[in-house]
Each structure stands twice: as C-alpha cells, then as structure tokens.
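Novice: I have a structure here, written as structure tokens, and I will follow up with some questions on it.
All of the numbers you see were taken from the coordinates with simple rules; none came from a lab. Fair warning: this is a prediction, and the values are worked out from it, not measured in the lab. Neighbour counts are summed over all protein chains in view; Cβ atoms, including those assigned to glycine, are modelled from backbone coordinates with ideal geometry.
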Amino acid sequence: MKSEVLYKTPKTLLNKGTGFLNGYSHTLNPYTGCTFACSYCYVRQMPVSIFRNGEWGSWVDVKLESAAILRKELKRAKTKGPVTIFMSSSTDPYQPVEAKEQVTRALLEVMVGEPPDFLFVQTRSPLVRRDIDLLQQLGDRVRVSMTVETDREDIRKHFTPSAPPVQARLKTLELLRDAGIPTQAAIAPVLPSTAAFPEILRPLVNRVCIDDYFMGDGSGGKRTKRLPVQVLYEELGLEEWYDPAAYQIVYDRFSQAFPKEQLFVSQQGFEP
C-alpha cells in the first residue's frame, strides 16, 4: 500500500496516561497513523482513525519540531513530579517513515539529555536497533518491548502483511540483549503459534508479556470485534485461537520455559 506522508506541527506531544496506560504519567506518539496497518490494531476503532479520510495505514503524519516541543514539555513535567513515558500508544515509533524522518531518534536524544524517570518503548520494528547508542545511555530508565505475536511467519503474513518479519524481530531482541538494554517480548495480541515458541524466546529475553484482544484493546475486546478479525481466523480454520481462553494455552507453554516472575499478563506487562 502506498502511504501518504503529511507534515504537521503539533501543539503538544506529552499526553496524560489514561485507561490501560494509567500507570504512566504520560504517553508520547512521534507520529499520527501507522503504515504497518496491522489487521487487528485497536487504533483503527479510535477517533484518530475513524475521523480521517483514507484507510488506516494509508497515511501518516510526521510531527515537526518534536524535539523542541518535547524538551520544553519535559522540563515542565519534571517540576510537577515523576515522569514516566509510554512511547507509543497509537503508532509504532519505528515504522518505515522513521528511517528517513528520525523523529523518534530526535526525541530519544532529548530524553538522554533530560531523562524521564522511566521510558517504555513499544515497537515491532527492527529499526529500533539503530538507536542502541541512545538507549544504552538511558540505562535502567528504559525498557524496549518488542512485539512478537507468533513464531510462525505464515501467520504473521496472514494477519500483518506490512509488518516486519518475525526473524528480524528475534535478531533485534538478540542485539538489544547483547547491548545490555532492558527488553521484553510482547506476545500481544496472542496469535496462533507453535509449542516451540517459548524455547525460541528463552535465550533472548528474561521478561515476557502475554496479552490478547479481550484484555488489551481497552474495551474488553469490543473494538476488535468491530474489525473483520474473526474472518482471518476462520480463513485458516483456527477459530479456537480467537477466544478469551486462547492466551492461557500460550501462558501455560511459556510457564514451562520461564519462571513465573518473568511472565506478565496484559496491563501488568506494560506497567513502568
């Protein structure tokens, strides 16, 4: 899908952490829109998507002057109490446009100079490896959460054809681990996977978050239900995986390979 890139100057960048992310003082989105266009993305059902012309994934807004805006807002926020930031809640900070625009990198540079108490980076993109130098400078104030919903590339292509390959994400987790950056694998949302999945992740991370549509879309699964996601399962004859109990299959498999204190479910795994 060809994407339209638009340039806008936002009035503000730091937003109050609410709902699912109420454990954070702020959320931070370097872009509006996301060209990974995952079939199940709950943001498709949010105002940012509903009130735009053009299908979700066909456009992205690049936020201009982001570094200057964040520097000012961050200083102000730090005078009011602890600052914990979730980046990003409604876009991937490392979607393809970031390779050229480098908005996320500029924001990280600001945070290295003016560190928040904690920064959580949520992505499914191997591009995050480019910023290992900055992430290392944040030390234990940062955690990178890499979405790896499945170990099956055929499933990844079926549900998220525009997202990066599974193998590239696993390699990125390895590089982050070797660089000493705190990381986790986010199996979020749970997609059909094999019994070998835990052993694949075991050497790469010591923290795993397991989440699904019913716990993680912020509406008890209602937002996802309005999307044609169930059809994707039916096409594969895997309807049993589109079920509130499916995450338990994955959790049980992972509890054979990981100690309980390294396994987190839904919101708990995304907390600061």
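Novice: Just rank 11, 63, fewest to most, by other beta-carbon atoms within 10 angstrom. List each step's numbers first, then the result.
Specialist: On the way: 11 5, 63 22.
So the ranking, lowest neighbour count to highest, is 11, 63.
Novice: Something else: Please work out the ratio of the alpha-carbon Rg of the range 175-272 to 2.2 N^0.38 Å and round it to two decimals.
Specialist: Normalised Cα radius of gyration, the range 175-272: 1.14.
Novice: Could you grab the relative contact order for the range 4-270? Cα pairs under 8 Å, six or more apart, rounded to a whole percent. Could the numbers behind the result be given before it?
Specialist: Numbers: 481 pairs, mean separation 45.5, N = 267.
The normalised contact order for the range 4-270 reaches 17 percent.
Novice: Need one number: % antiparallel among DSSP beta bridges in the chain, to the nearest 5.
Specialist: Roughly 15 percent of the beta bridges in the chain run antiparallel, per DSSP.
Novice: If the limit is 18 Å between Cα atoms, which of 16/75; 8/75; 8/80 go over it?
Specialist: Cα-Cα > 18 Å for 8/75; 8/80; rest within.
Novice: Then there's this: Report, ordered by chain and residue number, the aspartates and glutamates lying within cross-link reach of residue 63, taken as a straight Cα distance under 18 Å and ignoring same-chain residues fewer than 8 apart.
Specialist: Counting by Cα, and skipping residues close in sequence, residue 63 has these aspartates and glutamates nearby: 4, 73, 92, 98, 101, 109.
Novice: When a footprinting reagent is the concern and you count Cβ atoms within 10 Å, what order do 140, 131 take, fewest first? Intermediate results must be reported in sequence, preceding the final value.
Specialist: Numbers: 140 9, 131 20.
By the 10 Å Cβ count, ascending: 140, 131.
Novice: Roughly how tilted is helix 103-113, in degrees to the nearest 10 and between 0 and 90, from the longest Cα axis of the chain?
Specialist: Orientation of helix 103-113: about 60 degrees from the principal axis.
Novice: Let me ask something else about it. Whole percent per 10 Å bin, from 0 to the bin with the longest distance: what is P(r) over all C-alpha pairs of the chain?
Specialist: Each 10 Å bin holds this share of Cα pairs: 7, 30, 38, 21, 4, 0.
Novice: Straight-line reach from residue 225: which lysines have a Cα under 21 Å away, not including same-chain ones fewer than 8 places off?
Specialist: 157
Novice: Ok, one more. Based on other C-beta atoms within 10 Å, arrange 73, 235, 174, 98 from fewest to most.
Specialist: By the 10 Å Cβ count, ascending, the order reads 235, 174, 73, 98.
Novice: Ignoring everything except DSSP H segments at least 4 long, calculate the 222 nm mean residue ellipticity for the chain; use -39,500 (n - 2.57) per segment, divide by total residues, nearest 500.
Specialist: Details: 13 runs with 96 residues, N = 272.
Result for the chain, helices only: -9000 deg cm²/dmol.
Novice: Follow-up. Give the angle, between 0 and 90 degrees and rounded to the nearest 10, that separates the Cα long axis of helix 246-257 from the longest principal axis of the Cα atoms of the chain.
Specialist: 90 degrees
Novice: What relative contact order, as a whole-number percentage, does the range 127-272 give when Cα pairs under 8 Å and 6 or more residues apart are counted?
Specialist: 24 percent
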